[in-house]
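Okay, so here's the structure we're looking at.
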Amino acid sequence: MENESTGQARIYKIGACLLIAAFAQTSLKQVISPKLGYIDWLLLVTVYVSLMREPVLALVTGAVAGILHDMMSGRDVPMGVSGIGYVVAAYVGFWVSTSFLVEGLLIRTATVAGASVVAAILRLSLYTFTVDVKMPVEAALELILGPTVNLLLSFVLYPAMDQFFDFGRRAKMRRAEAMRNAPRRRKWLVKNKESRWKIKRRTKFKVR
């Protein structure tokens with residue numbers, strides 16, 4: 001288990017990543033090229049945090065990312081519209097992290113792709129029902145190019161974030177915790193070789 005100081009340091013790191021991502025999301029497309037606007041830096045940070053297997057931290061990160069996106073995008077939309085897509089993406093990442101081994105590259109990239117598509121569909125749908133109505137071509141490009149560039153960027157960004165968040169040490173701690181509980185489970189299995197159905201049946205029809 002991590003101590004309190006380690007948890008606080010991780011929160012500070014997540015806050016720094018969100019601020020850098022918000023700056024990159026709004027500035028790079030103006031300084032370098034408008035095509036860089038298809039990269040959803042805030043979504044990449046949200047998905048990475050959701051893979052840490054902490055639901056509250058993942059949902060809070062998604063909500064904060066949505067607020068930052070709406071504040072810095074300059075669009076005349078209600079505050080929190082983007083946050084719905086980020087929160088759902090955080091939930092998708094947390095569900096994957098609790099169902100599969102997320103240390104593998106394949107699971108990570110699949111999670112980024114799925115979360116990007118879900119977040120893009122929700123954001124475009126909510127923008128359509130508000131004041132920001134997109135043209136079909138623009139919406140199609142955002143829905144296709146957005147997840148694609150996010151997926152490609154995750155190959156470079158996530159290994160760097162692993163070093164920043166010390167992902168290797170946390171993975172070793174989880175494996176050590178699993179091995180610590182393994183002898184107890186093996187002892188139970190050796191002690192109860194018979195199936196549960198046979199044990200219940202023998203107990204139920206036991207002659208008194």
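In summary, no helices (runs of 4 or more DSSP H) completely within the range 14-123 bear 3 or more residues that are on the phi > 0 side of the Ramachandran plot and at pLDDT 85 or above. All of 128, 148 fail the test of being surrounded by fewer than 16 Cβ atoms within 10 Å (Cβ to Cβ), modelled with pLDDT of 85 or more and out of contact with any helix residue (DSSP H, G or I) (no Cβ under 6 Å at 6 or more places or on another chain), apart from 148.
Checked against the criterion of being surrounded by fewer than 21 Cβ atoms within 10 Å (Cβ to Cβ), closer than 16 Å to residue 165 by Cβ and either free of Cβ contacts under 8 Å to residues at least 60 places away in the same chain or not small (Gly, Ala, Ser) (or both), the range 20-40 contains one or more residues that satisfy it.
Residues of the range 28-52 being over 9 Å from the mean Cα position of the chain (by Cα) and more than 20 Å from residue 141 (Cα to Cα), which ones? Passing the criteria: only 31. For the range 18-36, the tally of residues that are of a type in the set (S, T, N, Q) and either touching a Leu at 6+ places or on another chain (Cβ under 7 Å) or closer than 18 Å to residue 90 by Cβ (or both) stands at 1.
The values are calculated or read from the model by the stated rules, or taken from the named source; none is laboratory data. Here the structure is a predicted model, which is why all the values come from computation and not from measurement. Glycine gets a Cβ as well: all are built from the backbone with ideal geometry, and neighbour counts include every protein chain shown.
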